[in-house]
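Below is one structure; the comments refer to it alone.
The values are calculated or read from the model by the stated rules, or taken from the named source; none is laboratory data. Everything quoted here is computed from the prediction, not taken from an experiment. For neighbour counting, all protein chains shown are included, and Cβ atoms are generated from backbone atoms with ideal geometry for every residue, glycine included.
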């Protein structure tokens, strides 16, 4: 992936110097043990661990104590440079897409953390993988996840890493457009199976939005090198619900899926990448995923 020398975003915050075993939320604290319980419950029930943390601490959306923004990452941090460049590229693409639709794109922040982090959605932990918090409009990522992708999931490559960021930014786009809120209301009125099915459509649309970014970034800045698309497609396959359940030695249970199968994730990313069309990413109207 050709990224060096391109513009870097000023919306990256470096919280890696923080940390600690507890998280102040709504005046209380959550220890690591609580987080582990939430992670296990999320895996079994197919529920976002941040949602479970909210329930376990007595509120639907825990509120953290207000903190000053973290500083920018060091100028000589190569991985931070990469993340900042990819984020800047998503800013350029989505700003243009929103302008064409007569709207203004609100840029998200991206927070680098190590181990654990406070968010407006509750306590985040590296084991959750990268995630987006709509309450503070921030993407959170522990860069050790990229080592996990390479060594444990078999999904190496810089464009695969960029795909992860673009997917989380896709959730921000959904939030800005009001899609996420509509999905949450629909999930609240149905059962677990219906909620999981809506989550799958939300996640697949974020995959498609990541493809939309790739399409326009390539047309405008020629970022792709040989093998890059294959890297992203491989990453999408490795993090499909069916692949993750099988690799964990668990039975594959479609009713528990919250992100979609490997084939679905690849197909919707490819749809966005080939068409560059936001309208083509309407997973909610699609009869088949």
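Exactly one residue out of 200, 252 is outside any helix (DSSP H, G or I) and modelled with pLDDT under 95, and it is 252.
Annotation note: of 86, 111, the sole residue that is in contact (Cβ under 8 Å) with a residue 12 or more places away in the chain, surrounded by 11 or more Cβ atoms within 10 Å (Cβ to Cβ) and touching a helix residue (DSSP H, G or I) at 6+ places or on another chain (Cβ under 6 Å) is 86. Annotation: residue 46 fulfils all but one of (1) more than 29 Å from residue 4 (Cα to Cα); (2) at pLDDT 90 or above; the unmet one is (2). A single member of 139, 106 is touching a helix residue (DSSP H, G or I) at 6+ places or on another chain (Cβ under 6 Å), at pLDDT 95 or above and within 21 Å of residue 161 (Cβ to Cβ), and it is 139. Checking the stated criteria, residue 277 turns out to be outside any helix (DSSP H, G or I), surrounded by fewer than 19 Cβ atoms within 10 Å (Cβ to Cβ) and modelled with pLDDT of 90 or more.
Considering the conditions (1) surrounded by fewer than 19 Cβ atoms within 10 Å (Cβ to Cβ); (2) closer than 20 Å to residue 261 by Cβ; (3) modelled with pLDDT under 90, residue 186 is excluded by exactly one of them, (2). Against the list (1) more than 29 Å from residue 96 (Cα to Cα); (2) modelled with pLDDT under 90, the condition residue 259 fails is (1).
Residues to consider are 135, 162, 116, 206; find the one that is under 28 Å from residue 15 (Cα atoms) and surrounded by fewer than 17 Cβ atoms within 10 Å (Cβ to Cβ). Among 135, 162, 116, 206, only 135 is under 28 Å from residue 15 (Cα atoms) and surrounded by fewer than 17 Cβ atoms within 10 Å (Cβ to Cβ). Considering the conditions (1) over 24 Å from residue 69 (Cβ atoms); (2) more than 14 Å from the chain's Cα centre (by Cα), residue 122 is excluded by exactly one of them, (1).
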